[in-house]
Amino acid sequence: MSLIQISSLLAILVIVNIVSLALFGVDKLKSMSGGWRISEAILILVALFGPFGACAAMLLFRHKTRKIKFLLVPLFMFIQLGAILFLSPF
């Protein structure tokens with residue numbers, strides 16, 4: 001992979017992780033106000049592609065930390081980190 005491709009991929013990963021953090025934050029706000037909620041399936045899917053944002057949101061907002069299926073988020077982080085290291089030119 002060229003440096004431009006890697007930079008583009010990293011930019012996409014940063015954006016996806018920011019979106020993941022935002023969705024978890026919105027769901028937390030909605031849970032406190034009793035409004036419309038984001039489904040857990042969507043949150044897990046977003047966490048698969050943006051695990052760093054999801055994990056940060058879980059810790060920051062104390063949201064979904066007791067749900068067993070959300071224990072997958074740290075696993076998603078290690079998978080994504082491994083992929084980044086595997087694809088890096090270093």
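The values are calculated or read from the model by the stated rules, or taken from the named source; none is laboratory data. Bear in mind that the values here come from a model prediction, so they are computed numbers and not experimental data. Cβ placement follows ideal geometry from the backbone for every residue including glycine, while neighbour counts extend to all protein chains displayed.
Checking each residue in region 22-51 for being in contact (Cβ under 8 Å) with a residue 12 or more places away in the chain, out of contact with any Ser or Thr (no Cβ under 8 Å at 6 or more places or on another chain) and not aliphatic (A, V, I, L, M) picks out PHE24, GLY25, ASP27, LYS28, SER31, GLU40.
Residue pairs whose Cβ atoms lie under 6 Å apart, sitting 6 or more positions apart in sequence or on different chains, and linking a residue in region 1-21 that is in contact (Cβ under 8 Å) with a residue 24 or more places away in the chain to a partner that is surrounded by 11 or more Cβ atoms within 10 Å (Cβ to Cβ) and in a loop (DSSP other than H, G, I, E, B), are VAL16/GLY50; ASN17/GLY50; SER20/GLY50.
Which of the following residues is surrounded by 18 or more Cβ atoms within 10 Å (Cβ to Cβ), among the small types (Gly, Ala, Ser) and touching a His at 6+ places or on another chain (Cβ under 9 Å): ALA57, ALA47? Step through it out loud before you land on a result.
Working: ALA47 fails: touching a His at 6+ places or on another chain (Cβ under 9 Å).
Matching residue, one of ALA57, ALA47: ALA57.
Just checking, does region 34-51 include any residue being of a type in the set (Ser, Thr, Tyr), modelled with pLDDT of 85 or more and part of a helix (DSSP H, G or I)? Looking through region 34-51, none of the residues is of a type in the set (Ser, Thr, Tyr), modelled with pLDDT of 85 or more and part of a helix (DSSP H, G or I).
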